[in-house]
Amino acid sequence: MSDYSAGSAVFVSIIIGFIISVFFDGIFAIAVTGFMATYLTRAEERHTIVGAIAALILGVIVFFLNGIFRSPEMPYKISSLVTVDLGSFITGFIILCLLSFGLGALTGFIASKAAKNKAPS
């Protein structure tokens, strides 16, 4: 276990989580990011909120990169009928933020319990 400050642990875990999100599903990357950010922080700074913030930041990054720069493949007949729907965009963004924050908090809680139960070396 490394002893990073909370900000450094969040930064390191976001970079690793972004790399993981390229190869695996985004939910798995968000969960790993929340766990890793909490687990890498110092014992006195280790809280569930560290993992939640890291997962939230990664979720927002993945939302904008996947939603804006990588469009889904659709047949022309369907794609010509699709228009920009700001309400669905905002609703999806809010739901993603809530889910990634909750998943990061859950995995951060698991990481804080795992780090406390780790035998001292």
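What follows draws every value from the coordinates through simple rules; no lab data is involved. Values in this document were obtained by computation on a predicted structure and should not be read as measured data. Positions of Cβ are backbone-derived with ideal geometry, glycine not excepted, and every protein chain shown enters the neighbour counts.
Choose one of Leu96, Leu86, Leu106: the residue whose Cα lies farthest towards the positive end of the charge dipole of the chain (beta-carbon charges +1 Lys, Arg; -1 Asp, Glu; about the Cα centre).
Leu106
Could you check which residue among Gly92, Gly17, Gly51 shows the biggest mean-square fluctuation in a GNM of the chain with a 10 Å Cα cutoff?
Looking only at Gly92, Gly17, Gly51, the largest GNM fluctuation is found for Gly92.
Over the chain, calculate the relative contact order: mean separation of alpha carbon pairs under 8 Å at least 6 apart, over the residue count, as a percent.
35
Whole Å is fine, so just give me how far the alpha carbon centre of the stretch 75-92 lies from that of the stretch 1-21.
34
As I understand it, the value is the acute angle between the Cα axis of helix 6-23 and the longest principal axis of the Cα atoms of the chain; what does it come to in degrees, rounded to 10?
Approximately 50 degrees, to the nearest 10.
Select one label from (i) 34, 13, 10; (ii) 29, 14, 11; (iii) 19, 17, 14: the one whose number is semi-axes √(5λ) of the Cα gyration tensor in Å as derived from the coordinates shown.
(i)
Give the residue from Ile14, Tyr76, Phe63 lying farthest towards the positive end of the charge dipole for the chain; charges sit on Cβ (+1 for Lys and Arg, -1 for Asp and Glu) and the dipole is referred to the Cα centre.
Farthest towards the positive end: Ile14.
Per residue of the chain, what 222 nm ellipticity follows from adding -39500 (n - 2.57) for every DSSP H run with n ≥ 4, rounded to the nearest 500?
Result for the chain, helices only: -23500 deg cm²/dmol.
If the elastic network links every pair of Cα atoms under 10 Å, which of Ser21, Ser80, Ser88 fluctuates the most in the Gaussian network model of the chain?
Checking each option, the largest mean-square fluctuation is seen for Ser80.
How large is the charge dipole for the stretch 6-116, taken about the Cα centre, if only the Cβ atoms of Lys, Arg (+1) and Asp, Glu (-1) carry charge, to the nearest 20 debye?
Magnitude of the dipole: close to 200 debye.
How long is the gain from Ile94 to Phe24 if the chain were fully straight, where each residue apart is worth 0.36 nm and the alpha carbon distance is subtracted?
Length difference between fully extended and current span is 22.9 nm.
Tell me the angle of helix 86-116 to the major Cα principal axis of the chain, expressed in degrees between 0 and 90 and rounded to the nearest ten.
Helix 86-116 sits at roughly 20 degrees to that axis.
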